[in-house]
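Take a look at the structure below.
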Amino acid sequence: MMKMRQLLVATVVLAALAATLYWSNHRKPANDSVNASPSAASVKIIALNQDDISKLEVKKKDGDDVVLNRAGASSWKITSPKNLVADQDSVSSILYNLSPMDGGTLIDEKPADLKQFGLAEPEAQVSATGKDGKTHTILVGDETPTGDAAYVMLSGDSKVYSVAKNTKTNLDKGLKDLRDKRLMPVDFDKLSSVEINGAKLHLAFASEDGQWTVRSPAKLRGDTSKMETIIEKLRTATMDPSTSDSDMKKAASLFASGAPIATVKATDSAGSEELQIRKTSGGFYAKTTAMDGVYKVPNELGDAVNKDAEDFREHRVFDFAEMDPDKVELHDGSKAYFLTRSGEDWWSDGKKMDALSAQEFLRSIRTLTATKFAANGFSSPALSLVVTSKDGKRVEKVDIAKSGSGYLAKREDGPALFDLDAKAVEDLQKAASGLKPAETPATKK
């Protein structure tokens with residue numbers, strides 16, 4: 001009888017445990033949708049083709065609605081609330097997250113209340129319109145309680161998903177994020193020309209074989225490093241999107257009364273942008289064709305264009321710079337010196353030359369630099385140099401004449417007269433006389 005009673009009790013307990021387990025496994029807590037397990041299978045929420053998207057619209061709960069239209073294969077423009085150049089990287093991040101938006105976790109197929117996800121009044125709504133005219137809109141809500149994800153849903157669909165937090169960051173962008181902050185939004189890697197026109201300077205230069213060369217004035221041989229400095233200053237010149245309306249008005253007033261310094265025009269394959277720069281007691285201010293308003297620019301940019309043409313003149317006599325030339329020929333009165341390069345070796349009259357003496361000779365040519373430029377005074381040449389480089393494509397011919405206590409150098413391709421220090425020419429002559437054949441096993445004995 002006792003055993004039967006114990007068996008009956010055990011059976012009741014087992015049944016109760018089974019019922020509890022069944023109830024536990026089938027009951028869904030009220031807040032389970034908000035704290036969904038991250039181990040749930042990932043799903044693809046939307047799958048668009050980037051190249052097929054022709055229009056984007058971003059509506060923020062607190063902020064301007066921004067409309068963007070494709071202007072080219074990889075370029076976009078803001079058309080509302082006003083016409084602006086778009087920040088291509090910011091637009092690309094939106095496109096990337098829409099094509100496709102995958103890796104999402106289904107949280108709730110049909111929630112009774114969207115407020116708990118921040119989707120009743122979403123922080124952002126991002127719409128993408130394809131070439132077919134169809135529009136798809138993603139609603140972006142709150143972050144999840146863990147802070148590493150955010151809730152989203154596709155307009156017209158009742159399902160709520162969670163996606164990685166960076167997806168929300170990339171989609172939840174306003175006008176300040178989406179507009180290009182650069183004062184000259186051109187492709188600086190593909191510039192065809194830059195023009196600077198001002199009270200003191202009228203200069204145009206262009207890129208040829210990756211090197212900047214002066215186009216105007218026609219006879220000016222430009223200093224590449226100074227042209228590259230201007231390019232870099234223009235590349236990094238940006239507006240401050242947090243500038244207040246009162247500061248904008250103050251900047252416009254200062255610009256209106258400022259002294260014009262220069263107008264810079266940069267042209268790439270897509271077109272041109274211009275930047276007017278003026279100087280005031282408070283620094284330099286600029287107005288650009290890329291956007292409305294006047295903006296303060298760094299003094300370094302203003303100073304870089306507040307020069308005359310002579311400041312851009314190349315002071316080095318030769319262009320081969322750090323490149324080892326192919327051939328060098330020097331005539332110094334009755335003396336003549338010849339060097340020809342073969343690989344890393346230098347030869348003269350069929351003899352391999354000592355490497356150190358050859359490099360010292362090249363250094364003395366390479367460092368010939370004008371201390372200033374002369375208007376006249378060039379007489380009969382005392383020395384003549386011919387340097388061939390770039391596999392024979394560049395031949396530089398220079399004559400050097402005595403002038404007072406120093407020397408003047410003149411290139412064959414231009415009228416400029418380089419005023420050279422006497423010591424520089426003496427070092428050249430000394431290095432030439434120091435050229436010697438390389439030692440051989442026989443000469444070492």
Query - Residues (of a type outside the set (S, T, N, Q) and surrounded by fewer than 18 Cβ atoms within 10 Å (Cβ to Cβ)) located in the stretch 232-253 - result: E232, R235, D240, P241, D245, D247, M248, K249, K250, A252
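To keep it simple, each residue is scored yes or no on (1) out of contact with any helix residue (DSSP H, G or I) (no Cβ under 9 Å at 6 or more places or on another chain); (2) polar (S, T, N, Q); (3) closer than 30 Å to G271 by Cα; (4) open to solvent by 20 Å² or more (accessible area, probe 1.4 Å).
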residue: N69; (1), (2), (3), (4): yes, yes, yes, yes
residue: K110; (1), (2), (3), (4): yes, no, no, yes
residue: F117; (1), (2), (3), (4): yes, no, no, no
residue: P145; (1), (2), (3), (4): yes, no, no, yes
residue: A149; (1), (2), (3), (4): no, no, no, no
**Report entry** Filter result for D89 (surrounded by fewer than 16 Cβ atoms within 10 Å (Cβ to Cβ) and within 27 Å of the chain's Cα centre (by Cα))
**Finding:** yes
Requested in this report: State yes or no: is S155 more than 24 Å from K279 (Cβ to Cβ) and within 17 Å of the chain's Cα centre (by Cα)?
Outcome: no
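Can you name the residue in the stretch 395-422 that is in contact with a Gly (Cβ under 9 Å, 6 or more places away or on another chain) and not polar (S, T, N, Q) and is also surrounded by the fewest Cβ atoms within 10 Å (Cβ to Cβ) among such residues?
G404
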Query - Complete set of residues in the stretch 119-143 that are open to solvent by less than 70 Å² (accessible area, probe 1.4 Å), over 17 Å from P100 (Cβ atoms) and touching a residue at least 24 places away in the same chain (Cβ under 8 Å) - result: L119, P122, E123, A124, Q125, G141, D142
Report task. Take the stretch 333-358 and flag every residue that is out of contact with any Ser or Thr (no Cβ under 8 Å at 6 or more places or on another chain) and either open to solvent by less than 40 Å² (accessible area, probe 1.4 Å) or closer than 26 Å to L220 by Cα (or both). Result -> M353, D354, S357, A358
Report task. Could you please let me know if K219 is open to solvent by 20 Å² or more (accessible area, probe 1.4 Å), at pLDDT below 90 and of a type in the set (K, R)? Result -> yes
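Only one of these is over 30 Å from V152 (Cβ atoms), open to solvent by less than 30 Å² (accessible area, probe 1.4 Å) and at pLDDT below 95: T229, T224, T213. Name it.
On inspection, the qualifying residue turns out to be T224.
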Report task. Could you identify the single residue in K59, K77 that is farther than 20 Å from H136 by Cβ, open to solvent by 80 Å² or more (accessible area, probe 1.4 Å) and not in a loop (DSSP other than H, G, I, E, B)? Result -> K77
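Mind counting the residues in the stretch 184-201 that are closer than 19 Å to G258 by Cα and either open to solvent by 20 Å² or more (accessible area, probe 1.4 Å) or at pLDDT 90 or above (or both)? Outline the logic, then answer.
Residues of the stretch 184-201 closer than 19 Å to G258 by Cα: 196-201.
This time we only want the ones that are either open to solvent by 20 Å² or more (accessible area, probe 1.4 Å) or at pLDDT 90 or above (or both), so: 196-200.
Qualifying residue count, the stretch 184-201: 5.
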Query raised in the report: With respect to S207, is the statement that it is open to solvent by less than 70 Å² (accessible area, probe 1.4 Å), modelled with pLDDT under 95 and either closer than 14 Å to L191 by Cβ or touching a helix residue (DSSP H, G or I) at 6+ places or on another chain (Cβ under 7 Å) (or both) true?
Result: yes
Report task. Please work out which one of (1) open to solvent by less than 30 Å² (accessible area, probe 1.4 Å); (2) of a type in the set (A, V, I, L, M); (3) more than 16 Å from K335 (Cβ to Cβ); (4) assigned to a helix (DSSP H, G or I) is the condition L428 fails and give its number. Result -> (3)
Query raised in the report: Considering only residues of the stretch 365-393 that are surrounded by fewer than 19 Cβ atoms within 10 Å (Cβ to Cβ) and hydroxyl-bearing (S, T, Y), which is nearest to A321 (Cα to Cα)?
Result: T367
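The values are calculated or read from the model by the stated rules, or taken from the named source; none is laboratory data. What you see is a predicted model, and the numbers here were worked out from it, not measured in a lab. Positions of Cβ are generated from backbone atoms using ideal geometry, with glycine treated the same way; all protein chains shown enter the neighbour counts. With ligands, DNA and RNA removed, areas are computed over all heavy atoms of the protein, side chains included. Shrake-Rupley method; radii C 1.70, N 1.55, O 1.52, S 1.80 Å.
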